[in-house]
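What follows is one structure encoded as structure tokens, with my remarks underneath.
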Amino acid sequence: MFFEEINHAGAGGIWAELVSNRGFEAGGLHTPSNIDPWSIIGDDASIFVATDRTSCFSRNIIALRMEVLCDECPAGGVGIYNPGFWGMNIEDGKTYNLVMYVKSAEAADLTVSLASSDGLQKLASVTVPVAGTSNWTKVEQKLIAKGTNRTSRLQITSNKKGVVWFDQVSLMPSDTFKGHGFRTELISMLLDLKPRFLRFPGGCFVEGEWLRNAFRWRESIGPWEERPGHFGDVWHYWTDDGLGYYEFLQLSEDLGAAPIWVFNNGISHNDEVSTAAIAPFVKDVLDSLEFARGSANSTWGSVRAAMGHPEPFPVKYVAIGNEDCGKKYYLGNYLKFYNAIRESYPDIQMISNCDGSSKPLDHPADLYDFHVYTDSKTLFNMKGTFDKTSRTGPKAFVSEYAVWRTDAGRGSLLGSLAEAAFLTGLEKNSDIVQMASYAPLFVNDNDQTWNPDAIVFNSWQQYGTPSYWMQKFFRESSGAMIHPITISSSYSGSLAASAITWQDSRNSFLKVKDCELRVGHREPHDLCVRASG
Ligand code: AHR
């Protein structure tokens with residue numbers, strides 16, 4: 001399984017956090033900034049809201065300053081609201097955990113509510129007293145919904161003139177998968193596929209359009225309040241990095257899947273770190289491996305332990321970059337990472353970005369990455385891709401395959417059949433194709449950046465496309481044997497079932513798996529037959 005932070009798969013997807021831009025950092029470090037999707041309840045005469053740099057969190061210094069201007073405020077007060085990711089799914093009887101940091105020079109009572117998108121229907125409401133002090137205070141409050149609304153918002157209001165600062169406002173449902181912060185119903189769709197590995201967190205998300213926007217594991221661990229978040233410039237959205245490196249490792253464990261950590265190798269879509277200057281990046285990756293695998297007493301292992309996981313996470317695979325083969329510094333950088341990791345972690349299998357399916361790699365690797373996105377006809381015909389691949393050397397990891405664009409729509413039966421044909425070719429060559437994963441895995445219906453995908457969802461519903469169900473069929477019926485078979489016919493012209501004789505090596509029709517079809521005197525055609533039992 002390949003999970004990428006694309007199409008709001010993580011933020012606004014499997015990561016259950018309901019508030020978007022919880023630390024007000026998404027507008028950038030310059031102030032004033034855009035606080036989207038936060039907005040204001042009230043008018044210019046009653047409220048003034050702006051960002052400043054007064055946060056108590058040094059790594060994400062931006063805070064929100066709210067000045068209530070009205071002496072006699074409108075009923076219901078004035079304030080701010082956050083609609084989350086196209087509306088929050090608030091469900092009757094469920095509990096939602098609010099955490100926020102506030103500061104106010106004078107004592108005030110804030111009203112925190114879960115409300116419909118127009119603010120008129122209140123699903124839950126609590127009064128939060130704020131003491132008058134120059135210090136930041138952490139507020140923790142449970143909200144229990146009395147009613148269901150799929151497009152709700154969180155709002156914080158006040159009736160009292162004065163200034164209140166806010167930072168790191170989080171609202172999490174209490175019933176996440178294993179209490180680990182994941183949306184249960186989306187995870188159960190993943191569990192149904194019984195994944196053996198989880199490749200994460202991208203994809204191009206790992207690279208960034210520019211290195212300054214690449215995924216950085218170090219910035220994504222530790223207390224969530226202290227994570228700066230970052231703008232994923234390839235897929236064009238901000239993520240608070242609540243779903244960070246630690247959570248990806250936890251997700252792998254929860255799915256029973258081997259983690260495959262794809263790290264940035266000093267290369268983005270538009271800039272590169274030269275091999276001469278790559279050493280700090282190599283050190284950074286070694287630290288990430290110590291974070292995952294080191295003992296709870298090691299420098300980085302102790303950070304993992306403090307986050308609640310004293311046992312190491314068994315990272316056995318890493319991919320050195322994503323789709324970077326051929327770039328100016330790829331090979332030079334690759335070898336620096338490869339040698340350093342081999343020395344410190346001899347058991348880790350390393351995955352090269354260079355395709356070894358048609359000619360052997362010119363550098364050491366345990367596996368090589370193979371990606372294909374094409375139309376259904378081409379993918380169908382690619383089932384023989386690995387038939388002639390060398391049987392020695394690194395194995396293939398087909399980490400991204402899918403029918404897309406021309407005839408794929410938002411998922412189609414035709415596309416999934418072509419993917420099935422392609423997969424029979426991978427099964428047939430499973431001596432050299434070690435792993436395969438469809439891509440992308442998820443799409444939030446409100447952010448269809450990339451279509452098609454395996455699972456479509458919104459704030460409260462989800463379904464599998466034909467490509468999802470095709471994977472499920474393959475998972476339930478994993479090819480283990482190939483029976484040679486010849487199908488011949490004396491009939492020329494259109495194919496008729498009665499004109500075909502079938503025979504496999506055991507005269508067993510049900511076990512037919514792979515065959516050759518001859519029709520009249522024409523060229524042989526390949527016909528793949530899947531049979532259960
Ligand atoms: O799966 C979508 C994108 O396709 C991935 O980010 C990238 O690796 C590939 O180009």
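Odds and ends about this structure:
- Within the stretch 356-387, the set of residues being loosely packed, with under 15 Cβ neighbours inside 10 Å and under 21 Å from LYS428 (Cβ atoms) comprises SER358, LYS359, PRO360, LYS377, THR378, GLY384, ASP387.
For every residue, the table says whether it meets (1) charged (D, E, K, R); (2) in contact (Cβ under 8 Å) with a residue 40 or more places away in the chain; (3) under 30 Å from PHE200 (Cβ atoms).
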residue: GLY23; (1), (2), (3): no, yes, yes
residue: HIS30; (1), (2), (3): no, no, no
residue: SER39; (1), (2), (3): no, yes, no
residue: MET66; (1), (2), (3): no, yes, no
residue: CYS70; (1), (2), (3): no, yes, no
residue: GLY93; (1), (2), (3): no, yes, no
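- So ILE144, is it under 21 Å from VAL99 (Cβ atoms) and open to solvent by 30 Å² or more (accessible area, probe 1.4 Å): yes
- Residue that is farthest from VAL443 (Cα to Cα), among those in the stretch 388-403 that are modelled with pLDDT of 95 or more and open to solvent by 20 Å² or more (accessible area, probe 1.4 Å): PRO394
- For the residues GLU343, GLU323, the requirement of being over 25 Å from the mean Cα position of the chain (by Cα) and open to solvent by 40 Å² or more (accessible area, probe 1.4 Å) singles out GLU343.
- In the stretch 63-81, residue nearest to TRP224 (Cα to Cα) [restricted to those that are open to solvent by less than 30 Å² (accessible area, probe 1.4 Å) and in a strand (DSSP E or B)]: ALA63
- The number of residues in the stretch 18-62 that are crowded, with 17+ Cβ neighbours inside 10 Å and either on the phi > 0 side of the Ramachandran plot or among the aliphatic types (A, V, I, L, M) (or both) comes to 12.
- Any hit, the stretch 161-178, residues being aromatic (Phe, Trp, Tyr) and more than 20 Å from the chain's Cα centre (by Cα): yes
- Considering the stretch 163-260, the qualifying helices (runs of 4 or more DSSP H), each wholly inside and each with 2 or more residues that are open to solvent by less than 10 Å² (accessible area, probe 1.4 Å) and away from the ligand (no atom under 16 Å from the Cβ), run over 184-191, 245-255.
- Verdict on PRO314 being loosely packed, with under 15 Cβ neighbours inside 10 Å and either over 21 Å from GLU4 (Cα atoms) or at pLDDT below 95 (or both): no
- In the stretch 101-109, the count of residues that are in contact with a Pro (Cβ under 9 Å, 6 or more places away or on another chain) and part of a strand (DSSP E or B) is one or more.
- Here THR51 meets each of (1) more than 29 Å from the chain's Cα centre (by Cα); (2) among the β-branched types (Val, Ile, Thr); (3) in a loop (DSSP other than H, G, I, E, B) with one exception, condition (3).
- Within the stretch 369-426, the set of residues being within 14 Å of the ligand (Cβ to nearest atom) and in contact with a Gly (Cβ under 6 Å, 6 or more places away or on another chain) comprises VAL403, ALA408.
- ASP447 modelled with pLDDT of 90 or more, under 15 Å from the mean Cα position of the chain (by Cα), open to solvent by 10 Å² or more (accessible area, probe 1.4 Å) and under 30 Å from TRP235 (Cβ atoms): yes
The values are calculated or read from the model by the stated rules, or taken from the named source; none is laboratory data. Bear in mind that the values here come from a model prediction, so they are computed numbers and not experimental data. Virtual Cβ from ideal backbone geometry, glycine too; neighbours counted across all protein chains shown. In case anyone asks, the SASA skips ligands and DNA or RNA and just uses the protein heavy atoms, side chains included. Shrake-Rupley method; radii C 1.70, N 1.55, O 1.52, S 1.80 Å.
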